[in-house]
Amino acid sequence: MVRIIASRQAVLTVRLASGDLVVTVRNIRRHGRFVKARFPLMAGNWKMHGDHLQAVAQVQKLASALSAKDFDCSEVAVLPPFTSLRGVQTLVDGDKLRIAYGAQDLSPHDSGAYTGEVSGPMLAELGCRYVLAGHFEVRQSGQHVAYTLGQLDGSLDGVPAPAVASLVIAYEPVWAIGTGEVATAEDAQEAASAIRSQISVVHGPETAGSVRILYGGSVKVSNIAPIMAQPDVDGALVGGASLDAGQFAQICRYRELSVS
Ligand code: PEP
């Protein structure tokens, strides 16, 4: 089942209530800059790793490992646990870092009696630029691109084209998440291209040309370059390898790595 809810801030909430291969990372920034269309995005999903002090230290390490040129070439984002967001915000704002940050989930509600939930407006107040929606660690496994496209249609049904254009969609083969097994660059391209074509059919070519599509699933320094060389892959959702600031920085500098 898919629920799509527009909040007061026109923040669209897309949640998949069943297993999925498609994860949407959505731009929820209410104020401030938006990145240009299809600017590469390298997003680190830290899952339930580290406390707030470790998160701040990780962001400091990442910021010092990356140069101004690196930030000119790619947008870098981290998605720490909720408890680290305020610490990361204080650091990023105080040191004027060019690292974006976001959360790993959000409530479909703006506020109310929903114990344990965190809303889009709360995250926006904390300066979150992104939030993961629909990322389940335990998924029903779909075997092919058609399954993924079915999920995509369900997720985006009723979402207006301008909102779709600002989404980031991550294609993550379930067998590749946290396993060390990575899709081939060709397979990542096939899926990304199919997702873009489907968006073009449903929401128009302009929207399809703007939406960023990431590959996720065991991305490492050793495999990122050929994946990023694919024309429809606009970035990566990086789990385990993003927990090491040095490795994540190298992944963000994929342009310097050999494609072969
Ligand atoms: C993820 O869970 O989004 C992910 C891509 O994890 P990993 O890189 O560890 O496979």
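Some observations on this one:
- Spin-label model, residue 146/residue 71: points 7 Å from Cα along the beta carbon direction are separated by 4.7 nm.
- Total charge dipole magnitude, the range 12-256, about the Cα centre, Cβ charges on Lys, Arg, Asp, Glu only, Debye to nearest 20: 640
- Peptide ranges 231-239, 97-105 listed from the most packed, as the mean C-beta count within 10 angstrom indicates: 231-239, 97-105
- When the range 121-260 is reduced to its Cα atoms, the Kirkwood hydrodynamic radius in Å: 15.8
- Each of 128, 252 was scored by other Cβ atoms within 10 Å of its Cβ. Arranged with the fewest first, they read 128, 252.
- Between the alpha-carbon centres of the range 71-134 and the range 199-236 there is a gap of 22 Å.
- Take the Cα of residue 229, step 7 Å toward its Cβ, do the same at residue 83, and the gap between the two points is 4.3 nm.
- Peptide packing: for 223-229, 50-56, 65-71, the average count of neighbouring Cβ atoms within 10 Å per residue gives the ranking 223-229, 50-56, 65-71, highest mean first.
- For residue 220, the aspartates and glutamates whose Cα falls under 15 Å of its own Cα, not counting residues fewer than eight places away in the same chain, are 172, 181, 244, 256.
Read-outs: derived from the displayed coordinates by stated rules, not from any lab. Quick caveat: nothing in here was measured; it's all calculated off a predicted structure. Neighbour counts are summed over all protein chains in view; Cβ atoms, including those assigned to glycine, are modelled from backbone coordinates with ideal geometry.
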